[in-house]
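Student: The structure under discussion is supplied below as structure tokens; questions concerning it will follow.
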Amino acid sequence: MKIIFSLSILLISIQLRANSFLDSVKRENWNGMEVVWLEDNKFPTFTAMFYFEDGAINDPFPGVMQATLDQLTSGTQKESQKEIADFFDFYGAKIRSSVTHEYNVFTVGALTKDLSPVMGKVCELFKEAQYPDKEMKSYVSRSKSQLKNLVTSHASLADRVFRKVSLENTPFESPAEGNLKSFDKLTSTLLKERLGQLNQSKKRLYITGPSDALKMKNIILKQCPWISERGHSSLEIKKPSSQSAIYLVPVPGANQAQIRIGRYMTKSETKDKNDQLAFMSGYLGGGFTSKLVQELRVKRGLTYSAGAYVSIQKDYGRTGLMTFSKNETAAEVISLIRDIFQDIANGKISEKEFKHQQGHQIGGFAFGFEEGQAFLTQLMVYDHQGRKLQELVEFPKTISQLTPQSLSQISLEALSWDKLTIVVVGDKSLEKSLSRIRPVRVLNFEDFL
Amino acid sequence: MKFWFMLFVIFSGCSSKDPAKNLSSSHLKLNVSEIKLDNGLTALVVPNSKLPIFSIQIFYKVGGKNEVPGITGASHFLEHMMFKGAKKYGKNTIDFIIEGSGGSTNAYTTNDQTVYYENLPTSELEKILDIEADRMENLLLDVDDFNKERQVVLEERKMRYENSPRGQLYLELMQSLYVGTPYGRSVIGDIPDLKSVSREQIHQYFKKFYAPNNAVIILAGDVSVGQAKKLIQEKFGKIPSSPSVEKAHQELLDKDFEPKIKGHQFISKKGESPNPLFMLAFPTYKAGHIKGYALDVLATIIGSGKSGSLINSYVLIDKPVATSVYAAHQSLEKSGFFFIGGELVKGVKLKEFDNDLLKKISGYCDSEITERNIQKVKNNYLSGLYSGLDTNAGLASFLGERQLLFGDWKFYKEELELYEKVNVEDVKNVCREVLSKPSLFISVWNMHK
């Protein structure tokens with residue numbers, strides 16, 4: 001009774017705070033571009049996140065959008081790569097980009113007093129980037145060399161293989177960052193064309209900082225080459241089919257096995273289920289008290305870490321888990337995970353564990369508002385997914401209304417064992433023990449570079 | 001409603017158009033209250049009521065440097081065991097209490113310190129202080145948990161060192177540079193020691209170092225100073241101080257940590273990386289030494305950002321020699337070293353590269369140390385400073401580091417002034433000086449025998 005009462009008080013308090021945070025977010029229209037503004041006077045710094053509704057899925061081949069943004073600072077008619085880099089470094093300004101299949105984000109952060117030169121330079125780059133040939137060649141050479149060395153990071157290699165195998169035959173299977181073959185096809189002309197498309201795509205701007213940060217309005221309207229807008233068209237993705245194999249990727253010198261288990265989800269599978277799926281992934285692998293960490297690490301000492309995730313985009317979603325173990329116990333870990341999934345789907349969920357996870361997610365909700373930029377990122381994701389922001393405020397209430405039965409049902413839908421792709425990166429000797437779980441298909445890691 | 005914070009950090013003086021004055025004239029004023037108990041415990045409280053959350057960090061002055069052969073890894077092993085339970089709250093409850101309320105927790109161990117941190121809703125202040133006091137005084141060290149956790153630590157070691165060429169490189173560097181000194185041991189521990197260390201040895205280690213007179217508590221967030229003072233006195237006031245810890249620290253003399261390498265050493269280690277990974281290191285000064293600030297500036301000028309000297313010599317060129325390169329000055333409590341590291345492309349002859357790198361650095365001492373480049377570094381420090389203090393956890397970490405290392409959180413003011421005073425001659429002098437010191441070039445590559 002006491003727990004229920006405390007949870008109710010917490011819910012009311014959190015929801016009131018969340019509403020006031022949402023009220024503090026202003027939306028403006030700058031000549032057709034939607035602007036989301038959050039005033040934050042803590043420090044004399046600003047952050048601007050430019051969201052472009054044009055992702056890697058529109059690339060003619062993998063890696064074009066990534067290269068377009070990576071090499072945005074590689075030179076203009078007036079300035080060399082070094083001069084541009086020196087400009088941003090001198091002001092202590094940070095620029096970075098993030099490319100996904102559905103959208104891209106270009107982020108700029110600097111001291112507010114330097115807003116004018118920094119934003120002016122950003123607009124100049126989007127207008128005048130030339131992608132000089134010699135910088136392109138150097139970029140291609142470095143990118144290929146780095147990718148060839150991916151075998152040194154078994155976890156990153158496992159993620160890359162898992163993406164390709166689990167999303168096979170969907171438009172999302174190729175890595176946004178490109179591959180060894182695609183790098184060779186990158187040219188200056190192509191990147192300039194891609195930048196032109198990006199400039200015409202639909203965009204939104206998310207800004208946080210002191211009110212002076214809004215002075216970027218004039219700079220953006222007068223100097224950035226963003227006029228017309230082309231939106232993203234929706235895709236229909238086929239349902240995932242049953243998986244009958246474990247994909248084993250042998251790598252030299254592996255004394256641990258990296259394990260990835262999961263699948264992609266169609267738009268209809270994730271529709272209106274974001275919060276339920278988030279709860280499920282938290283229950284499974286969000287923190288030290290999650291089911292997987294308790295079963296694999298705490299009770300059995302089989303791994304150092306285990307985590308689960310749900311990532312929902314506009315047209316598709318992904319759910320899965322990641323862990324590792326020594327080679328000798330990799331098969332045991334996979335079997336245990338299968339049993340855990342089946343128990344949850346069969347309703348074997350203890351009330352105590354369930355309530356614990358509710359407390360964890362409801363109590364942890366306030367931390368999402370601590371940093372202005374992190375809060376804006378949440379809003380950006382909601383906007384991208386086409387969700388109402390009121391859903392964000394109501395997250396704690398939604399979680400409080402879930403039941404062990406609803407967790408069981410969503411797990412049954414999302415983690416049906418025969419639909420899950422299993423990838424193991426480790427020693428080739430694993431084939432024998434893994435084949436007791438499912439037939440094993442051995443893949444060459446070089447085919448995924 | 002505006003998004004105005006109850007400021008826990010007050011700044012002023014940022015209207016200056018001359019960025020040269022910004023570092024020390026940022027007038028970063030932190031509203032910190034100090035609490036000192038009779039048993040030697042120091043606590044710092046920084047109120048910030050923006051959200052109903054806070055961060056707590058407990059710094060213990062114990063790390064790899066305090067270990068002796070046979071019990072390497074004891075500090076880190078103990079860090080793991082601190083989550084396994086104490087007398088009042090029982091076995092494996094700590095994570096559940098913290099995460100069940102919406103909080104998060106973790107810890108880390110370095111050569112010099114062990115730090116525990118939690119981010120929690122305000123309502124949990126009393127409980128978390130009670131838990132921290134309980135485990136500071138009465139850690140269980142349950143035998144079953146101890147043996148299970150031994151396996152987890154061994155897996156973590158594989159993940160960080162044996163399966164990570166970068167981890168292997170860093171470990172080899174520390175072992176070679178600091179051979180025969182406590183910094184030359186592995187913080188996670190040598191495998192034979194991890195396999196043989198007993199519960200009793202860890203218990204003795206715990207009793208010696210986990211005590212109020214060897215700890216600093218930082219509270220940042222929605223916490224009142226009065227309440228914090230009362231609770232800290234109530235929970236920690238009765239815990240006896242360690243009679244042996246002061247002597248243990250006094251026995252660690254700076255001279256026993258000095259690297260003993262002579263001349264220029266060239267070390268090759270077999271690893272799984274197809275591209276050679278390298279580090280070039282020079283012994284320097286311990287944390288707080290005045291020349292350390294000029295060395296930090298030197299490292300940023302030559303090894304940071306896209307305009308850095310090294311990246312423009314080796315990476316952003318027509319035929320890249322490296323895919324990444326960086327420089328840093330590592331300040332430890334008892335010693336320090338300046339280093340350059342990176343990933344080379346296949347085909348680079350390592351001895352030739354080593355010679356070229358030494359020549360290039362020598363050239364940088366004259367060509368790259370300019371007023372403008374020093375100003376650039378200071379501008380970057382200022383924006384980095386603000387970004388690091390953006391969360392309760394960031395602020396707590398910033399204060400805790402200084403309180404533990406220098407015995408005074410206010411030392412940051414002196415540091416800002418020292419950075420601002422650094423001039424061209426200072427940096428040129430340390431640049432030449434560092435090159436005159438013995439050095440170590442170490443590489444990890446799969447082509448080494």
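The values are calculated or read from the model by the stated rules, or taken from the named source; none is laboratory data. As the structure is a computational prediction, the values presented were derived from the model and not from experiment. Counting neighbours? That spans all protein chains shown, and the Cβs are built from the backbone with ideal geometry, glycine included. These accessible areas exclude ligands, DNA and RNA; they are computed on the full protein's heavy atoms, side chains included. Shrake-Rupley method; radii C 1.70, N 1.55, O 1.52, S 1.80 Å.
Student: Between a residue in the stretch A:240-256 that is at positive phi and any residue that is in a loop (DSSP other than H, G, I, E, B), which pairs come within a Cβ distance under 9 Å, given they are 6 or more apart or on different chains?
Tutor: Every condition considered, the pairs that remain are A:G253/A:D427; A:G253/B:N163; A:G253/B:G271; A:G253/B:E272; A:G253/B:N446.
Student: In addition: Kindly provide the set of residues from the stretch B:326-363 that are facing another protein chain (nearest Cβ under 10 Å) and of a type in the set (A, V, I, L, M, F, W, C), ordered by number.
Tutor: B:L344, B:V345
Student: Taking the criterion of being part of a loop (DSSP other than H, G, I, E, B) and in contact (Cβ under 8 Å) with a residue 24 or more places away in the chain, would at least one residue in the stretch B:142-155 satisfy it?
Tutor: Yes, because at least one residue in the stretch B:142-155 is part of a loop (DSSP other than H, G, I, E, B) and in contact (Cβ under 8 Å) with a residue 24 or more places away in the chain.
Student: When you scan the stretch A:160-173, do you find a residue that is within 14 Å of another protein chain (Cβ to nearest Cβ), more than 30 Å from A:E39 (Cα to Cα) and not hydroxyl-bearing (S, T, Y), even just one?
Tutor: no
Student: Right, next: Considering only the stretch B:155-173, I want to know if a residue exists there that is more than 14 Å from chain A (Cβ to nearest Cβ), open to solvent by 30 Å² or more (accessible area, probe 1.4 Å) and touching a strand residue (DSSP E or B) at 6+ places or on another chain (Cβ under 7 Å).
Tutor: Yes - at least one qualifying residue is present in the stretch B:155-173.
Student: Just the residues that are facing another protein chain (nearest Cβ under 7 Å) and of a type in the set (S, T, Y), please, taken from the stretch B:312-325.
Tutor: Matches in the stretch B:312-325: B:T323 only.
Student: Go through (1) among the aromatic types (F, W, Y); (2) in contact (Cβ under 8 Å) with a residue 60 or more places away in the chain; (3) within 14 Å of another protein chain (Cβ to nearest Cβ) and name the single condition A:Y103 misses.
Tutor: (3)
Student: Go over the candidates B:K260, B:K270, B:K255 one by one and state the one that is surrounded by fewer than 17 Cβ atoms within 10 Å (Cβ to Cβ) and either within 14 Å of chain A (Cβ to nearest Cβ) or on the phi > 0 side of the Ramachandran plot (or both).
Tutor: Being surrounded by fewer than 17 Cβ atoms within 10 Å (Cβ to Cβ) and either within 14 Å of chain A (Cβ to nearest Cβ) or on the phi > 0 side of the Ramachandran plot (or both) holds for just one of B:K260, B:K270, B:K255, which is B:K270.
Student: Among what's in the stretch B:83-121 and is facing chain A (nearest Cβ under 9 Å) and in contact with a Pro (Cβ under 9 Å, 6 or more places away or on another chain), pick the residue that is farthest from B:A393 (Cα to Cα).
Tutor: B:S101
Student: Could you tell me which numbered condition A:A374 fails, if it satisfies all but one of (1) buried (at least 22 other Cβ atoms within 10 Å of the Cβ); (2) touching a helix residue (DSSP H, G or I) at 6+ places or on another chain (Cβ under 7 Å)?
Tutor: The failed condition is (1).
Student: Is there a residue being surrounded by 19 or more Cβ atoms within 10 Å (Cβ to Cβ) and out of contact with any helix residue (DSSP H, G or I) (no Cβ under 7 Å at 6 or more places or on another chain) anywhere in the stretch A:416-432?
Tutor: yes
Student: A:A155 passes all but one of (1) within 12 Å of chain B (Cβ to nearest Cβ); (2) open to solvent by 10 Å² or more (accessible area, probe 1.4 Å); (3) not in a helix (DSSP H, G or I); which number fails?
Tutor: Going through (1) within 12 Å of chain B (Cβ to nearest Cβ); (2) open to solvent by 10 Å² or more (accessible area, probe 1.4 Å); (3) not in a helix (DSSP H, G or I) one by one, A:A155 breaks only (3).
Student: For the stretch A:78-100, give me each residue that is more than 11 Å from chain B (Cβ to nearest Cβ) and among the acidic types (D, E).
Tutor: Once the filter is applied, which keeps residues that are more than 11 Å from chain B (Cβ to nearest Cβ) and among the acidic types (D, E), the stretch A:78-100 yields only A:E79.
Student: Condition test on A:P175, is it within 30 Å of A:V140 (Cα to Cα), in contact with an Asp or Glu (Cβ under 9 Å, 6 or more places away or on another chain) and not in a helix (DSSP H, G or I)?
Tutor: Judged against the criteria, A:P175 is not a match.
Student: Hey, any hits in the stretch A:407-418 for a residue that's among the charged types (D, E, K, R) and under 17 Å from A:N274 (Cβ atoms)?
Tutor: yes
Student: So A:G317 clears everything in (1) assigned to a strand (DSSP E or B); (2) at pLDDT below 95; (3) open to solvent by 10 Å² or more (accessible area, probe 1.4 Å) except one condition, right? Which one?
Tutor: The one condition A:G317 does not meet is (3).
Student: Does the stretch A:286-314 hold any residues that are open to solvent by 10 Å² or more (accessible area, probe 1.4 Å) and within 23 Å of A:K419 (Cβ to Cβ), and which are they?
Tutor: Within the stretch A:286-314, A:G286, A:K291, A:E295, A:A306, A:G307, A:A308, A:Y309, A:V310, A:S311, A:I312, A:Q313, A:K314 meet the criteria.
Student: Within the stretch B:294-311, is even one residue modelled with pLDDT of 95 or more, away from every other protein chain (no Cβ under 14 Å) and open to solvent by 10 Å² or more (accessible area, probe 1.4 Å)?
Tutor: Yes, the conditions are met somewhere in the stretch B:294-311.
Student: Moving on. Name every residue in the stretch A:216-270 that is buried (at least 16 other Cβ atoms within 10 Å of the Cβ), polar (S, T, N, Q), within 26 Å of A:H154 (Cα to Cα) and modelled with pLDDT of 80 or more, in order of residue number.
Tutor: If the condition is that a residue be buried (at least 16 other Cβ atoms within 10 Å of the Cβ), polar (S, T, N, Q), within 26 Å of A:H154 (Cα to Cα) and modelled with pLDDT of 80 or more, then A:Q256, A:Q258 are the ones that fit.
Student: Then there is this: Going by the structure shown, is B:L404 hydrophobic (A, V, I, L, M, F, W, C), open to solvent by 10 Å² or more (accessible area, probe 1.4 Å) and touching a Lys or Arg at 6+ places or on another chain (Cβ under 7 Å)?
Tutor: yes
Student: Then there's this: For the stretch A:10-52, what are the residues that are part of a loop (DSSP other than H, G, I, E, B) and away from chain B (no Cβ under 12 Å)?
Tutor: Scanning the stretch A:10-52 gives A:N31, A:G32.
Student: Let me ask another. Mind listing whichever residues of the stretch A:342-361 are open to solvent by 10 Å² or more (accessible area, probe 1.4 Å) and under 24 Å from the mean Cα position of the chain (by Cα)?
Tutor: Result: A:H360, A:Q361.
Student: Now for a different question. Looking at the stretch B:326-337, which of its residues are open to solvent by 10 Å² or more (accessible area, probe 1.4 Å) and assigned to a strand (DSSP E or B)?
Tutor: Within the stretch B:326-337, B:Y326, B:A327, B:A328, B:H329, B:Q330, B:S331 qualify.
Student: Scan the stretch A:287-304 and report the pairs whose first residue is at the interface with chain B (Cβ under 7 Å from one of its Cβ atoms) and whose second residue is assigned to a loop (DSSP other than H, G, I, E, B) and of a type in the set (K, R), with Cβ atoms within less than 6 Å and a gap of 6+ or a chain change.
Tutor: That search, which allows pairs on different chains as well, returns nothing.
Student: Would you confirm whether or not the stretch B:315-325 contains a residue that is outside any strand (DSSP E or B), in contact (Cβ under 8 Å) with a residue 60 or more places away in the chain, surrounded by 18 or more Cβ atoms within 10 Å (Cβ to Cβ) and aliphatic (A, V, I, L, M)?
Tutor: Taking every residue of the stretch B:315-325 in turn, none turns out to be outside any strand (DSSP E or B), in contact (Cβ under 8 Å) with a residue 60 or more places away in the chain, surrounded by 18 or more Cβ atoms within 10 Å (Cβ to Cβ) and aliphatic (A, V, I, L, M).
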